[in-house]
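Presented below is the structure to which this report refers.
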Amino acid sequence: MNWPSRQRPDQPSRTTAGSAASAARVPVSNPPGGTQDLSAASVRRISNGLKELLSAIEGADRGEVLDLGPISQATVDFFTSRGFRLHTQDLLRAWREFLAEELERPARASARPDAPDQQAGDPGLRPARFLARHLQFEPQKFHGVLLWDSLDYLDAAVGAAVVARLANVLRPGGAALLHLHDKPPERFWRYRVLDAQTLECVPATAPVVFQRPIPNREIMNIFHDFRTSKTFVGRDQIREVLFLR
Amino acid sequence: MWFKQNEQKSPQQPETPTPRPQPTTAAPTPAVAPTEAAPTAPAVAAPSASPAANSSRITPGITLKGEVSGKEDLWIGGSIDGKLHFDSARVSVGASGKVHGEIEAREVVIEGKVEGNLRATERLEIAASGNVHGDAAAPRVALQEGAIFNGAMEILRPGESRSVTQGASASSRTAAASRGSRFQSAQAAGASVSAVVATSPSATASAAAEAPENPAAAPTVFRHGIASESSGRSD
């Protein structure tokens, strides 16, 4: 079950006090390609979710970790130095590219009315089409998955399908770390793992638009294939949720 | 983890002006998509995929199909569909370069697009404009902010780095035969090309590379007369 953490909320330790303070005033995230202010400095935050994830997966000999954010030198260094093999697949970027192709699909279909593309363009089939090209891994391959900020940026159906796929590729006892927001975030972050409980949050333009805050009950339904979860609520509006397979 | 900045000359100020591809095509300055930009990107070495004066080159507009091996550094601005085997040398894929196949080399630098596995016995660098779909293994890895990498990253331990195949033969001395007026080839020194060469992306005819009899030892240069591709992200 899900239980709120009693410990002190995670507090970002600002690398640059002034810029971090100004970061809080940055307007809500712009759509892709917008002009979101990226001038703020990166900030560091203590991640109890990461700490718990590591305690769950460490000890695995030549463990495999899947990072669903963009590749980062720090994260690669961290996990490979601990003997893990790090797989990277930028989920939101892949989703953005997939959506762009989907939007072109009607034009292609009208240009070639005889092509069997009309039914394939059904938005209801998007999750299947997306997963046919992404997250293609053998079952129970990974010990850990880093989802970061992703689920509340995806369509609900696609998000549920992604989680179902992750449940399939995670080993029993494996862990998945997810970040969630109770309201539209002020900015989009990319995360780098600096040490066992410290993340560097780098401001970036969101690849896709934030969809909606996902209620706890819905999260529990989406992750119904997982055994347990722990939630760590931070004052920076980020909820870290760790799911154990 | 970042390698020496002075290891490679600045791409804007090459030491030797000739021969080299057109600046517009070889400019290694990554055309990073704005959405991927991160203002707090760490200071990293300048992209080092620009062709060195003594490296063999496959310039923009040239397409090779087949296995390529050698002992000299190779710079790729064109397209290769096949395996690259340069055990003791560096393979650089420029911003306009595309490789569909495995790359094994002492050092691998990616600024362009690669679909295939990478294995470097010394060092791997993926620049901000680099786009790699495949697994990578190297003892040392340098990743610039904005690089796209889909695959598994493994840091090789010293013993593991020997797993790179030692199969490249330096005996065969091959260069692409001159086909038409679109590119010229100098003779190879230690480069082995078993490939089909097309002179431009739009070329309708491809020609099998033939090994010339000229034993002159000079760097292989596949040079396209007209720069037909712009540098930048290829994805």
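Of note:
- Residues in region A:62-95 that are more than 13 Å from the chain's Cα centre (by Cα), within 8 Å of chain B (Cβ to nearest Cβ), surrounded by 13 or more Cβ atoms within 10 Å (Cβ to Cβ) and part of a helix (DSSP H, G or I): A:Gln73, A:Val76, A:Asp77, A:Thr80.
- Any hit, region A:223-233, residues being surrounded by 18 or more Cβ atoms within 10 Å (Cβ to Cβ), within 14 Å of chain B (Cβ to nearest Cβ) and modelled with pLDDT under 90: no
- Scanning region B:147-164 for residues that are modelled with pLDDT of 90 or more and either more than 8 Å from chain A (Cβ to nearest Cβ) or part of a loop (DSSP other than H, G, I, E, B) (or both) yields a single hit, B:Ala147.
- Selection status of A:Ile238, modelled with pLDDT under 95 and either touching a Leu at 6+ places or on another chain (Cβ under 6 Å) or within 20 Å of A:Asp67 (Cβ to Cβ) (or both): yes
- Checking A:Thr198 against (1) surrounded by fewer than 21 Cβ atoms within 10 Å (Cβ to Cβ); (2) farther than 21 Å from A:Thr80 by Cα; (3) of a type in the set (Ser, Thr, Tyr), the condition it does not meet: (2)
- One residue stands out among those in region A:181-216 that are part of a strand (DSSP E or B) and within 28 Å of A:Glu138 (Cβ to Cβ): the one that is nearest to the other protein chains (Cβ to nearest Cβ), which is A:Arg190.
- Members of region B:135-146 that are aliphatic (A, V, I, L, M), at the interface with chain A (Cβ under 10 Å from one of its Cβ atoms) and either more than 18 Å from A:Ala204 (Cα to Cα) or not in a strand (DSSP E or B) (or both): B:Ala136, B:Ala137, B:Val141, B:Ala142
The values are calculated or read from the model by the stated rules, or taken from the named source; none is laboratory data. None of these values were measured; they are calculated from a predicted model. So basically every Cβ, Gly included, is an ideal-geometry build from the backbone, and we count neighbours across all protein chains shown.
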